[in-house]
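Everything on this sheet refers to the single structure shown next.
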Amino acid sequence: MSALSGEFAAWMALVLVGFLPNEMWRWLGVIFARGLDEGAEILVWVRAVATAILAGVIAKLTIFAPGVLATVPTPVRLAAVLIGFMAFVLIRRSVLAGVIVGEMALVVGALVFSP
Amino acid sequence: MSCDAPTSTLAAYRAGFMATWTSVFSYVLFGTYIGIGALGHDFGFSLVWTVTATLLVWAGPAQVILISALGAGASFIEVAVAVGLSAVRLLPMVVAMLPMIKRPETRAWKLVLPAHFTAVSLWVEAMRLLPKVPRENRIAFCNGLGTGYGITATTATITGFYLAAKLPPLMSAALLFLTPLAFLMSTLRNANMLVDRLALGLGLILGPLFAYWQIGLDLMWSGIAAGTAAYAVHRVREALQ
């Protein structure tokens, strides 16, 4: 717990290794967006890359799950995402429906299949 | 400057703020940050520290990494690298959003706050709602959205911090599961063009593959590879039409 040896160290950590390494990407974004207008062709590519990185985050959070979510078996997590997706498609492309049905599938699956 | 400009800026800010009440993301954020508040409590951080982290970091995955890695005693360098890698996605999001809200005469400092508020929640809702907002009001609208989400997340962080001891493990797991589900559904809803759908599909496959192959900076490279491939298909299809 060396990093937490004091209240001061925790606050230093928040700014130096929490805020700055995260926020620098936003500041770089402000710099890169200079001179680009809404219709710029390169933005189609930039949006595609943003979407693909986001997709990677989604897949990694599902497959290599963090914390206590890892105690739910991987096939249950994958099936829950798939069931949520099907609910989204079937119920008027509703984000809320997809999230609620996916969550219910996870909880039911965990109760049924967990050791 | 016309005399009604301040009023309409304020009205746009309020419209953005009110939009958060009907946004599914408010509920998702609430659940997610209950989980994060509980995590902060469990790893021995103070309430003020955890709430400040919510507002300063303003990105769920980065905050989860920050709290769990620091709490587990990782070195500052390790934590900084892990947080920085998880946040690469913010760069293309900011680059894609700012041209929608700025005007040629907009000063860069006015874009720092909307850029700070940029996270998946605000990005997805801004891309969906901004086209209906007059351009001169879009910065205020984004700041209103960001304020609304910030209040929601702060309330949830405090709630989660105090609930921590009472949360059953399955409930905590379900709260952590909100992030991938909500990210997926909202990205799907915003993906109206073929290029965005392809980028989503390819990213879902390449992301875990690159991680499995232990390629350094896996998220960045899989994102660039999948995004560029989707864009290439888009260009070829346009050229053929």
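The values are calculated or read from the model by the stated rules, or taken from the named source; none is laboratory data. Quick caveat: nothing in here was measured; it's all calculated off a predicted structure. As a convention, Cβ positions derive from the backbone with ideal geometry for all residues, glycine included, and neighbour counts pool all protein chains shown.
Below is a table of values for the structure above.
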| quantity | calculated |
| --- | --- |
| Per-region count, the stretch B:167-213, residues of a type outside the set (A, V, I, L, M) and not in a helix (DSSP H, G or I) | 3 |
| Condition broken by B:Thr155, with the remaining ones in (1) under 16 Å from the mean Cα position of the chain (by Cα); (2) β-branched (Val, Ile, Thr); (3) modelled with pLDDT of 90 or more satisfied | (1) |
| Residue within the stretch B:29-52 that is touching a residue at least 12 places away in the same chain (Cβ under 8 Å), among the aliphatic types (A, V, I, L, M) and facing chain A (nearest Cβ under 7 Å) present | no |
| Residues that are in contact with a Gly (Cβ under 9 Å, 6 or more places away or on another chain) and free of Cβ contacts under 8 Å to residues at least 12 places away in the same chain, drawn from the stretch B:69-91 | B:Ala80, B:Leu91 |
| From the options A:Leu106, A:Leu78, A:Leu111, residue that is closer than 29 Å to B:Thr118 by Cβ, in a helix (DSSP H, G or I) and touching a helix residue (DSSP H, G or I) at 6+ places or on another chain (Cβ under 8 Å) | A:Leu106 |
| Which numbered condition B:Ala80 fails, given (1) surrounded by fewer than 24 Cβ atoms within 10 Å (Cβ to Cβ); (2) more than 7 Å from chain A (Cβ to nearest Cβ) | (2) |
| Every pair of residues 6+ apart whose Cβ atoms lie under 6 Å, when the first sits in the stretch A:87-115 and is at the interface with chain B (Cβ under 9 Å from one of its Cβ atoms) while the second is part of a loop (DSSP other than H, G, I, E, B) | A:Ala97/A:Ile91; A:Ala110/A:Val72 |
| Of all residues making up the stretch B:16-44, the number that are more than 19 Å from the chain's Cα centre (by Cα) and modelled with pLDDT of 95 or more | 0 |
| Conditions (1) within 16 Å of A:Leu54 (Cα to Cα); (2) crowded, with 23+ Cβ neighbours inside 10 Å; (3) out of contact with any Ser or Thr (no Cβ under 6 Å at 6 or more places or on another chain); number of the one not met by B:Leu85 | (2) |
| Selection within the stretch A:47-78 - more than 7 Å from chain B (Cβ to nearest Cβ) and in contact (Cβ under 8 Å) with a residue 40 or more places away in the chain | A:Pro73 |
| Flag if A:Val17 is more than 7 Å from chain B (Cβ to nearest Cβ) and in a helix (DSSP H, G or I) | no |
| Some residue of the stretch A:50-60 being in contact with a Ser or Thr (Cβ under 7 Å, 6 or more places away or on another chain), of a type in the set (Val, Ile, Thr) and under 30 Å from B:Pro104 (Cβ atoms) | yes |
